[in-house]
Amino acid sequence: MNVILLGFPGAGKGTQAKVLEGKYGFVHISTGDLIRKEVASKSELGERLSEIIKNGSLVSDEIVTEILIKNLNGKTQNIVFDGFPRTLRQAESLDNYLREQGKKIDEVVLIELPEEEVLKRLTSRRVCKLCGAIYNIYSEDFKDFCVKCGGQLITRSDDTLQSAKRRLDVFREETKPLLSYYGSTIGVKKIDGGKTIEEVSSSIAEVLKL
């Protein structure tokens, strides 16, 4: 089963994708992680990507799709796509790629969350510089270091308030049409992302019949 998780930035797609990976054996593909990896490499492409991210804009469809397919490395089954596709062009490219491999997208899940909560989550998010673990400063058990590896917690450049607002604008303009695209074919399952991580995970497992 190939699954796409949709939702505002900060809605919890990455967290839930990791649950699907760890509990059900899905291959977690996060274009955000792939792009950050490229940026960290300091390559020419990485430097260009860095400037785009700082402006709160999205990377071009062509570049994202190229990075994605390269990192899929032939994998076409039991994948959970986190942060991809973000535009209709990306969705069509993914459909074409999977179709060539005799595969398809089986389920699309939308994690819904009010915009005010999304902004709060994005601007309060901290990421471990070493292992990439994600934390929220409003969590009761929050510490100023990574409890998994002891690494330094940082604020990503795309998690500032200005950048966060721009990301929401881009989502409304470019990503929201995907709901109609998939809604008219395989359908979109909607999940309340305002519940606890465990409750959201349970809801996703239920709609995916896992």
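The values are calculated or read from the model by the stated rules, or taken from the named source; none is laboratory data. Remember, predicted model here, so these are calculated numbers, not experimental data. Glycine also receives a Cβ, built like all others from the backbone with ideal geometry; neighbour counts cover every protein chain displayed.
Scanning segment 53-69 for residues that are closer than 28 Å to S41 by Cβ, surrounded by 13 or more Cβ atoms within 10 Å (Cβ to Cβ) and out of contact with any helix residue (DSSP H, G or I) (no Cβ under 9 Å at 6 or more places or on another chain) turns up at least one hit.
Only one residue in T15, T31 is touching a residue at least 12 places away in the same chain (Cβ under 8 Å), polar (S, T, N, Q) and closer than 17 Å to S157 by Cα. Which one?
Only one candidate qualifies: T31.
Whenever a residue of segment 190-203 is more than 22 Å from S180 (Cα to Cα), its partners that are among the small types (G, A, S), lying with C-beta atoms within less than 8 angstrom and at least six residues away or across chains, give the pairs K195/S203; I197/G12; V200/G12; V200/G193. Among residues of segment 167-203 being over 15 Å from the mean Cα position of the chain (by Cα) and among the aliphatic types (A, V, I, L, M), the one that is farthest from Y135 (Cα to Cα) is I186. Of all residues in segment 166-189, those satisfying the criterion of being charged (D, E, K, R), over 15 Å from D106 (Cα atoms) and touching a residue at least 60 places away in the same chain (Cβ under 8 Å) are R166, R167, E174. The residue pairs whose first member lies in segment 146-158 and is under 21 Å from V59 (Cβ atoms) and in contact (Cβ under 8 Å) with a residue 12 or more places away in the chain, whose second member is part of a loop (DSSP other than H, G, I, E, B) and of a type in the set (G, A, S), and whose beta carbons are closer than 7 Å, counting only pairs six or more residues apart or on different chains, are D158/G56. Taking the condition surrounded by fewer than 20 Cβ atoms within 10 Å (Cβ to Cβ), over 18 Å from the mean Cα position of the chain (by Cα), part of a helix (DSSP H, G or I) and not charged (D, E, K, R), does G46 pass? Answer is yes for this residue.
Residues in segment 140-157: is at least one among the small types (G, A, S), more than 18 Å from L34 (Cβ to Cβ), in a loop (DSSP other than H, G, I, E, B) and modelled with pLDDT of 90 or more?
The answer is yes; a qualifying residue exists.
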